[in-house]
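Student: The following block contains the structure, expressed as structure tokens.
The values are calculated or read from the model by the stated rules, or taken from the named source; none is laboratory data. All of these numbers come straight from a predicted model, not from anything done at the bench. Neighbour counts run over all protein chains shown; Cβ positions are idealised from the backbone, glycine included.
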Amino acid sequence: MTTDTTTKDTAPGTTPGETVLDARGVTMRFGGLTAVRDVNLTVNSGEIVGLIGPNGAGKTTFFNCLTGLYVPTEGEVRYKGTVLPPKSFKVTAAGIARTFQNIRLFANMTVLENVLVGRHTRTKEGLWSALLRGPGFHKAEAASRARAMELLAFVGLDAKAEHLARNLPYGEQRKLEIARALASEPGLLLLDEPTAGMNPQETRATEELVFAIRDQGIAVLVIEHDMRFIFNLCDRVAVLVQGQKLIEGDSATVQGDERVVAAYLGEPFEDAPGDEEAAEVEAAEAQADAVPGKENRKETDR
Amino acid sequence: MTTHTTAPGTPETPDTPDSNAPAATGLIGLPATVGRALATGGGALAVVSAFLAWTWTAEFPGDLTVYGYPGGLQVLVLIGGLFTTLFGLASYGVKGLKVLTPGNADSALKLAALGTFATAWYTVIAISAKLGGVVNLEPGGYLVALATLVALLGALALPFQRPEPDPADPDDTGWEAFRHRARQKRANFKAAFAAEPPAPGRTLPAWAEILVITGVMALGLLVFTYGIGTEYDELFIGFLLTAGFGFAALAKAGLVARISAITTRHRTVTMTGAFVAAAAFPFTQSDDQYATIGVYILIFATVALGLNIVVGLAGLLDLGYVAFLGVGAYTAALVSGSPSSPLHVHWPFWASALLGAVVAMIFGVLIGAPTLRLRGDYLAIVTLGFGEIFRITVLNMDGTSGPDVTNGSNGISSIPNLNILGFDFGQEHQLLGTTIGRFANYFLLMLLITLVVVVVFRRSSDSRIGRAWIAIREDETAALAMGINGFRVKLIAFALGACLAGLAGSVQAHVTYTVTPEQYQFAHVVPPNSAFLLAAVVLGGMGTISGPLVGASLLYLIPAKLQFLGDYQLFAFGVALVLLMRFRPEGLIPNRRRQLEFHEDTAAPAVLSKAGA
């Protein structure tokens, strides 16, 4: 029963710009397990959208559906009006770039080479061109390098272009992953927990970076556990719980929603989240007044 | 109740003496000054003793009976002694010799002394064993044994920085404590030979650096020619000992790092120099005997280099690679005008080489298309299967079990010699005042093919497609997410590798006169087979150009030279491979990338220069 959540979809459609990503009714089943059920999500250009949810809620699975790593069992994902092809390299070529939850850099390549690999879809030089080394090859190679250095300067890694990616500190590896994703000149950037394992300063720096990316006209979809980060950053936040979208709206709406709080703090989540739960909460409250020693429950319900 | 007497304080007391203060002493308790003098003097004495007679009879090969004229193994000891003396003098800080040891003179001295000792004692023991007892040694033999022993002991007495010892856990059981001590000893022993990389040298003027490269190439040619020309087992083992320890000593002295810095600055010059040196090899030979080995090494090395694209760059473990060599060889043989070929055509070489390459490439695509969807071990198993399918198919296409194409197990024989623009490869020619025989002709042709493969390797690895290969090798999922069409890129690597092997095969068919299915097995005693090809790549160093060339040379030369290994050859080969993988997993000539990958702990430079790949 996702009826009430879909009604809320339309509410925050205030941001200007065309729809970049349009996921409709995305469902992903692994055998008997439904990891993602009937999720709708739109991202408009120039917008930062957050996707939150407790562990195991299906955020990364949904991400993988968007990037062609998984083919959704049902539903479809459109990027700028065209249905996404079911291969991850074609999705990247179409204009969606991503980073990974656990950093997946090419550890034994240099920082510059990592970004150059990201340029793969935007360059054409094949084997023959590499073997014959005509003027076109040198020109394309120089242009790629220049663009890559630009991107490294953008994330602040240009001084370390010749370092091996594995030797970078953790925060810089995250930045490099973003630079590598940007190298494919995406229209939509998907960031899977970009601040995981970062200290507060690094998190703030990442925030600035994401804003700067947005200012270039690239839409951003972020998965994150750091609530302060996500509510600072995002124009819109969608909450995924047990594979279903619970709510979507601006920071204030989501923060104030008690079902979100309940989902995060471990309240058993019922199939019908709306009125029934509210009734239950009220009943519990009433009981808590009568029976001492159940304060903690009351506290979580607020 | 006496329990309290075993107070917890007691086990700590015996540890406290200065055992964990790392003192700069040698492995042997001699004063450093004495040790240095002994090592240098011992080296000089070894040089002198090389001019004496070591044995009384010429029955031991090499004729070590002559006074004043070193022969055979004596020459090797002479060189080792010379190195020891030079490094010894350099460690004293003698002015002009400082340039020899920009790294660690003491470590270089130790290794040089060890190498000289090993060669000299091996010789002495070989003489005694062969002729039946130490009575067969002349005074020179005793002298050289003594001199090298003294040099070694002296060198081992040189001080070195001991590593900080790990504190032992007092709760260790006896076995754990023993292991702990063993570990400590090993660390100490390793530290005795350790040398930090030298500070980057100053840049010489370009002509001087090119001169240095020329000198190094000439030296390389000399060493290679000497190794290939060793006439008996003992000399070859002595050669391996001297060359191995000598190279290690040079590496510790920092010279190898210096020279590789120079060669990376002049890559094209280095490559040209290497090829000129290789092309000069046939001109140093008086007959065709060793050019034969040379051409087989080149075929082997070229195919290994082609495999390095597939394995080293794209990371696809191909265990059936030799099949592509076979496809190229069979294709060229079929159109060579051989009487046993069912096609009675005689194509010119350029056409048959092209056809061999193209047909091999088509086979590469046909085999790659279904198999490259697999990853890792599965791909290895399937390619192994396809390699065998090729051999068995060829075996069966003999006219009885199948269509008559390949003549079955008899193969296609009496393949005529090549004739390019009137230059008959089967004839001897007079070139630059030397006689160039049949194999030398093919050696030069094969060298051209090798050059082609080297250029292809170099250019493709440093390009968009090469980066895509490396990205796939590093992390296929991430590479796909970066927009790389993994399957397509892998198929290109596979087809390119097959094409290069086919090209080499089209020459190989003419060199060997006959192509038979037995030449293209997975594992075989004679090198160009899938297992040895892969071993050459891994042994030499994955992802490098010189690695497979060196690996292939060693893998071909060692079995060819050491006849006595005989049946134990594969066993010895296996043991050597296990040891190598344990102690130097990145190969003999490591890609700098890989070196960083396998030895994280060592202080490796964090910056990889552009030439690293």
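Student: Could you pull out the residue among A:186, A:200, A:194 that is within 14 Å of chain B (Cβ to nearest Cβ) and on the phi < 0 side of the Ramachandran plot?
Tutor: So the residue among A:186, A:200, A:194 that is within 14 Å of chain B (Cβ to nearest Cβ) and on the phi < 0 side of the Ramachandran plot is A:186.
Listed here are the residues, each with its yes/no results for (1) modelled with pLDDT of 80 or more; (2) crowded, with 24+ Cβ neighbours inside 10 Å; (3) aromatic (Phe, Trp, Tyr); (4) closer than 28 Å to residue B:190 by Cβ.
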residue	(1), (2), (3), (4)
B:99	no, no, no, yes
B:106	yes, yes, no, yes
B:125	yes, no, no, yes
B:131	no, no, no, no
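Student: Which members of segment B:223-264 meet the condition of being surrounded by 16 or more Cβ atoms within 10 Å (Cβ to Cβ) and charged (D, E, K, R)?
Tutor: B:234, B:252, B:258
Student: Does any residue in segment A:121-149 that is on the phi < 0 side of the Ramachandran plot and more than 7 Å from chain B (Cβ to nearest Cβ) come within less than 6 Å, Cβ to Cβ, of a residue that is surrounded by 14 or more Cβ atoms within 10 Å (Cβ to Cβ) and aliphatic (A, V, I, L, M) six or more places away or on a different chain, and which pairs are these?
Tutor: A:144/A:116; A:148/A:112; A:148/A:115; A:148/A:116
Student: Residues to consider are B:538, B:575, B:507; find the one that is of a type in the set (Val, Ile, Thr), out of contact with any Pro (no Cβ under 8 Å at 6 or more places or on another chain), assigned to a helix (DSSP H, G or I) and under 14 Å from residue B:298 (Cβ atoms). Don't jump to the end; show me each part of the working.
Tutor: Working: B:538 fails: under 14 Å from residue B:298 (Cβ atoms); B:575 fails: under 14 Å from residue B:298 (Cβ atoms).
Only one candidate qualifies: B:507.
Student: For residue B:40, work out the one condition from (1) closer than 22 Å to residue B:138 by Cβ; (2) buried (at least 22 other Cβ atoms within 10 Å of the Cβ) it doesn't fulfil.
Tutor: Failed condition: (1).
Student: When segment B:451-468 is examined, which residues are found to be surrounded by 21 or more Cβ atoms within 10 Å (Cβ to Cβ), more than 7 Å from chain A (Cβ to nearest Cβ) and among the hydrophobic types (A, V, I, L, M, F, W, C)?
Tutor: Hits for segment B:451-468 are B:453, B:457.
Student: Looking at segment B:1-53, which of its residues are at pLDDT below 50 and either acidic (Asp, Glu) or assigned to a helix (DSSP H, G or I) (or both)? Give the steps one after another, and end with the answer.
Tutor: Kept after step one, since they are at pLDDT below 50, are these residues of segment B:1-53: B:1-22.
Across segment B:1-53, the qualifying residues are B:3, B:4, B:5, B:10, B:11, B:12, B:13, B:14, B:15, B:18, B:19, B:20.
Student: Look at residue B:145 and say whether it is surrounded by fewer than 22 Cβ atoms within 10 Å (Cβ to Cβ), in a helix (DSSP H, G or I) and free of Cβ contacts under 8 Å to residues at least 24 places away in the same chain.
Tutor: no
Student: Let me ask another. Which residue out of A:173, A:242 is of a type in the set (S, T, N, Q) and modelled with pLDDT under 90?
Tutor: Details: A:173 fails: modelled with pLDDT under 90.
None of the other options fit; the residue is A:242.
Student: May I ask you to list the residues in segment A:81-93 that are facing chain B (nearest Cβ under 7 Å), free of Cβ contacts under 8 Å to residues at least 60 places away in the same chain and polar (S, T, N, Q)?
Tutor: A:88
Student: A further question follows. Where residues in segment A:185-217 are part of a loop (DSSP other than H, G, I, E, B) and buried (at least 23 other Cβ atoms within 10 Å of the Cβ), which of them is modelled with the highest pLDDT?
Tutor: Filtering segment A:185-217 down to residues part of a loop (DSSP other than H, G, I, E, B) leaves A:185-187, A:193-199, A:216-217.
If we keep only those that are buried (at least 23 other Cβ atoms within 10 Å of the Cβ) too, we end up with A:186, A:194-195.
Values: A:186: 91, A:194: 88, A:195: 87.
Within segment A:185-217, the match that is modelled with the highest pLDDT is A:186.
Student: Going through B:471, B:479, B:501, B:440 one at a time, which residue ends up being more than 9 Å from every other protein chain (Cβ to nearest Cβ), crowded, with 24+ Cβ neighbours inside 10 Å and at pLDDT 90 or above? Spell out how you get there, then give the answer.
Tutor: Values: B:471 fails: more than 9 Å from every other protein chain (Cβ to nearest Cβ); B:479 fails: more than 9 Å from every other protein chain (Cβ to nearest Cβ); B:440 fails: at pLDDT 90 or above.
Within the list B:471, B:479, B:501, B:440, the selection yields B:501.
Yes/no per residue for (1) modelled with pLDDT under 80; (2) farther than 30 Å from residue B:284 by Cα; (3) in contact with an Asp or Glu (Cβ under 9 Å, 6 or more places away or on another chain); (4) surrounded by fewer than 19 Cβ atoms within 10 Å (Cβ to Cβ):
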residue: B:353; (1), (2), (3), (4): no, no, no, no
residue: B:358; (1), (2), (3), (4): no, yes, no, yes
residue: B:363; (1), (2), (3), (4): no, yes, no, no
residue: B:387; (1), (2), (3), (4): no, yes, yes, no
residue: B:392; (1), (2), (3), (4): no, yes, no, yes
residue: B:422; (1), (2), (3), (4): yes, no, no, yes
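Student: Hey, residue B:200 hits all of (1) surrounded by 12 or more Cβ atoms within 10 Å (Cβ to Cβ); (2) at pLDDT below 75; (3) not acidic (Asp, Glu) but one; which does it fall short on?
Tutor: Result: residue B:200 passes all but (1).
Student: Sticking with this one: Here are some residues: A:157, A:164, A:152. Which one is under 27 Å from the mean Cα position of the chain (by Cα), within 11 Å of chain B (Cβ to nearest Cβ) and buried (at least 19 other Cβ atoms within 10 Å of the Cβ)? I'd like the intermediate steps shown before the answer.
Tutor: Values: A:157 fails: within 11 Å of chain B (Cβ to nearest Cβ); A:152 fails: within 11 Å of chain B (Cβ to nearest Cβ).
Only one candidate qualifies: A:164.
Student: Examine segment B:520-535 for a residue that is at pLDDT below 85, of a type in the set (S, T, N, Q) and surrounded by 21 or more Cβ atoms within 10 Å (Cβ to Cβ), and state whether such a residue exists.
Tutor: Checking segment B:520-535: at least one residue is at pLDDT below 85, of a type in the set (S, T, N, Q) and surrounded by 21 or more Cβ atoms within 10 Å (Cβ to Cβ).
Student: Follow-up. Has segment B:282-300 got at least one residue that is over 18 Å from residue B:444 (Cα atoms) and either crowded, with 22+ Cβ neighbours inside 10 Å or in contact (Cβ under 8 Å) with a residue 40 or more places away in the chain (or both)? Lay out the reasoning, then the answer.
Tutor: Restricting attention to segment B:282-300, the residues satisfying the condition of being over 18 Å from residue B:444 (Cα atoms) are none.
No, segment B:282-300 contains no residue that is over 18 Å from residue B:444 (Cα atoms) and either crowded, with 22+ Cβ neighbours inside 10 Å or in contact (Cβ under 8 Å) with a residue 40 or more places away in the chain (or both).
Per-residue answers, yes or no, for (1) surrounded by fewer than 20 Cβ atoms within 10 Å (Cβ to Cβ); (2) in contact with a Phe, Trp or Tyr (Cβ under 6 Å, 6 or more places away or on another chain); (3) more than 8 Å from chain B (Cβ to nearest Cβ):
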residue: A:75; (1), (2), (3): yes, no, yes
residue: A:79; (1), (2), (3): no, no, yes
residue: A:111; (1), (2), (3): no, no, yes
residue: A:118; (1), (2), (3): no, no, no
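Student: Please go through segment B:148-186 and give me each residue that is of a type in the set (Gly, Ala, Ser), part of a helix (DSSP H, G or I) and surrounded by 15 or more Cβ atoms within 10 Å (Cβ to Cβ), ordered by number.
Tutor: Of segment B:148-186, the ones of a type in the set (Gly, Ala, Ser) are B:151, B:154-155, B:157, B:168, B:174, B:177, B:182.
With the extra rule that they be part of a helix (DSSP H, G or I), the set shrinks to B:151, B:154-155, B:174, B:177, B:182.
Listed by number, the residues that qualify are B:151, B:154, B:155.
One line per residue, one yes/no per condition, for (1) assigned by TED's automatic domain parsing to the domain that holds residue B:515; (2) within 14 Å of residue B:328 (Cα to Cα); (3) of a type in the set (Phe, Trp, Tyr); (4) within 33 Å of the chain's Cα centre (by Cα):
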position: B:367; (1), (2), (3), (4): yes, no, no, yes
position: B:372; (1), (2), (3), (4): yes, no, no, yes
position: B:382; (1), (2), (3), (4): yes, no, no, yes
position: B:386; (1), (2), (3), (4): yes, no, yes, yes
position: B:399; (1), (2), (3), (4): yes, no, no, no
position: B:402; (1), (2), (3), (4): yes, no, no, no
position: B:416; (1), (2), (3), (4): yes, no, no, no
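Student: Another one. Would you check which residues across segment A:94-109 are among the aliphatic types (A, V, I, L, M), free of Cβ contacts under 8 Å to residues at least 60 places away in the same chain, surrounded by fewer than 24 Cβ atoms within 10 Å (Cβ to Cβ) and out of contact with any Phe, Trp or Tyr (no Cβ under 7 Å at 6 or more places or on another chain) and list them? Don't jump to the end; show me each part of the working.
Tutor: At the first step, the residues of segment A:94-109 found to be among the aliphatic types (A, V, I, L, M) are A:94, A:96-97, A:103, A:105, A:107, A:109.
With free of Cβ contacts under 8 Å to residues at least 60 places away in the same chain added as a condition, the list becomes A:94, A:107, A:109.
The next check asks that each one be surrounded by fewer than 24 Cβ atoms within 10 Å (Cβ to Cβ); those that pass are A:94, A:107.
The answer is A:107, and nothing else.
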